[in-house]
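First the structure, in the form of structure tokens, and then the observations on it.
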Amino acid sequence: MTVLKLENIDTFYGQSQALFHVSIDVRPGEFVTILGANGAGKSTIMKTIMGLVKPKTGRIIFNGTDITGLPPWDRAGIGVGYVPEGRRVFPDLTVEENLKMGAYRVTDNKVVTANIEKSYDLFPRLKERKNQLAKTMSGGEQQMLAIARALMLNPKLLLIDEISMGLMPILVNHSLSIVKRLNSEGITVLMVEQNANKALKVADRGYILKTGKITMEDTSENLRNNAEVIKAYLGE
Ligand code: ATP
């Protein structure tokens, strides 16, 4: 059984092919990372899973259902949470308004309020700043907000696009520890990341993506000890 299965995905931007026969499995409760250099196609995988770009061929199976043709909002509705690259929060909305936007499909206000309270427990800083405009917050706080917003629909699977981007190392560690905690509480995680060192410390398993192709797949431990991976992604 898998939570998410990508089968032979080919994704194009116009004539230019970004993903080549990408197949990925994520099992219930796993924390899986996809590592790759700038431009390898990491964000394209996330966008393809979310339905923001359409694959030319291949299938996306979520919890046993083929969702390849489903619009993004329906994917969010059935339990796919998405934290986009660059913390795309709504800059001119307050923290709390951003969270409410994340819960736009929830019609029961009690559920919305309960989820907002859960976010504030997880990120006390967001509670302190709930009436502050998102654009006035630091990068680390915006990252917390982006994660909290993705949690508003109680996702079963959380897709995370490059959490480390533009954050100071200490904030990267903090964000990753939050994701690890969410994972240990039962949310399955698929995270694409350029910072292989940090990603392999928190993930159970990893894939290597090179110019749109999966070239390797193994446990994080084996990848950390693989000479080729060390040379290309972990540095000396
Ligand atoms: P980064 O670390 O820079 O985010 P990435 O691994 O996420 O890189 P993608 O953003 O998925 O890579 O890009 C993969 C390839 O697709 C790159 O060659 C990129 O130039 C190209 N690409 C991405 N988005 C578009 C687009 N909207 N139109 C055309 N080409 C695109």
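The numbers here are math on the coordinates, done by the rules we state, and not lab data. Worth saying up front: this structure is predicted, and the values here are computed from it rather than measured. Every residue, glycine among them, receives a Cβ derived from its backbone with ideal geometry; neighbour counts consider all protein chains shown.
Compute the signed sum of charges (Lys and Arg +1, Asp and Glu -1) over the other residues within less than 12 Å, Cβ to Cβ, of L182. Please report the intermediate quantities before stating the final value.
Numbers: positive: K118, K156, K180, R181; negative: E185.
Here the charged neighbours net out to +3.
How fast does the chain diffuse by Stokes-Einstein, in µm²/s, taking the Kirkwood radius from C-alpha pairs at 37 °C and 0.692 mPa s? Kindly include the intermediate steps, with their values, before the conclusion.
Working: Rh = 18.0 Å.
Result for D is 182 µm²/s.
Using the alpha-carbon centroid of each, what span in Å lies between segment 196-235 and segment 71-138?
Computed from Cα coordinates, the inter-centre distance equals 31 Å.
For all pairs of alpha-carbon atoms in segment 87-174, what percent lies in each bin of width 5 Å, listed from the first bin to the last filled one?
3, 15, 27, 25, 20, 7, 2, 0
Can you tell me the relative contact order of segment 24-86? Whole percent, Cα pairs under 8 Å, sequence separation 6 or more. Walk me through the numbers on the way to the answer.
Values: 33 pairs, mean separation 14.3, N = 63.
Relative CO of segment 24-86 lands at 23 percent.
Let me know the charge dipole size of the chain about its Cα centre in debye, to the nearest 20, where only the beta-carbon of Lys, Arg (+1) and Asp, Glu (-1) is charged. Let's see the in-between values first.
Numbers: 30 positive and 25 negative charges, 59 e Å.
So the magnitude is around 280 debye.
To make sure I understand the rule: partners must be lysines, Cα under 20 Å from the Cα of K213, and not fewer than 8 residues away in the same chain. Which ones qualify?
K5, K42, K47, K54, K56, K231
From the Cα gyration tensor of segment 172-236, with a ≥ b ≥ c the square roots of its eigenvalues, which class applies: rounded if a/c is under 1.5, or else prolate if a/b is larger than b/c, or else oblate? Don't jump to the answer; show the numbers that get you there.
Working: a/c = 1.99, a/b = 1.65, b/c = 1.20.
Prolate shape, in that a/c is at least 1.5 and a/b is the bigger ratio.
About the Cα centre of segment 6-66, what is the dipole size in debye to 20, counting +1 per Lys and Arg Cβ and -1 per Asp and Glu Cβ, all else neutral? Don't jump to the answer; show the numbers that get you there.
Values: 6 positive and 5 negative charges, 38 e Å.
Charge dipole of segment 6-66: 180 debye, to the nearest 20.
Let me understand segment 128-208 better: what is its radius of gyration from the alpha carbons, and its Dmax, in angstrom?
My reading of the Cα-based Rg and Dmax gives 12.9, 41 Å.
Expressed as an acute angle from 0 to 90° and rounded to the nearest 10, what is the orientation of the C-alpha long axis of helix 169-184 relative to the principal long axis of the chain?
Between the helix axis and the principal axis of the chain, the angle is about 90 degrees.
Taking the Cα centre of segment 71-163 as origin, sum charge times position over the Cβ atoms of Lys and Arg (+1) and Asp and Glu (-1), and report the length of that vector in debye to the nearest 20. List each step's numbers first, then the result.
Working: 14 positive and 12 negative charges, 26 e Å.
Result for segment 71-163 is approximately 120 debye, rounded to the nearest 20.
Rounded to the nearest 500, what is the 222 nm mean residue ellipticity of the chain from helices alone, with -39500 (n - 2.57) per DSSP H run of 4+ residues and division by all residues? Present the calculation step by step, with values, prior to reporting the outcome.
On the way: 9 runs with 82 residues, N = 236.
Counting only the DSSP helices, I get -10000 deg cm²/dmol.
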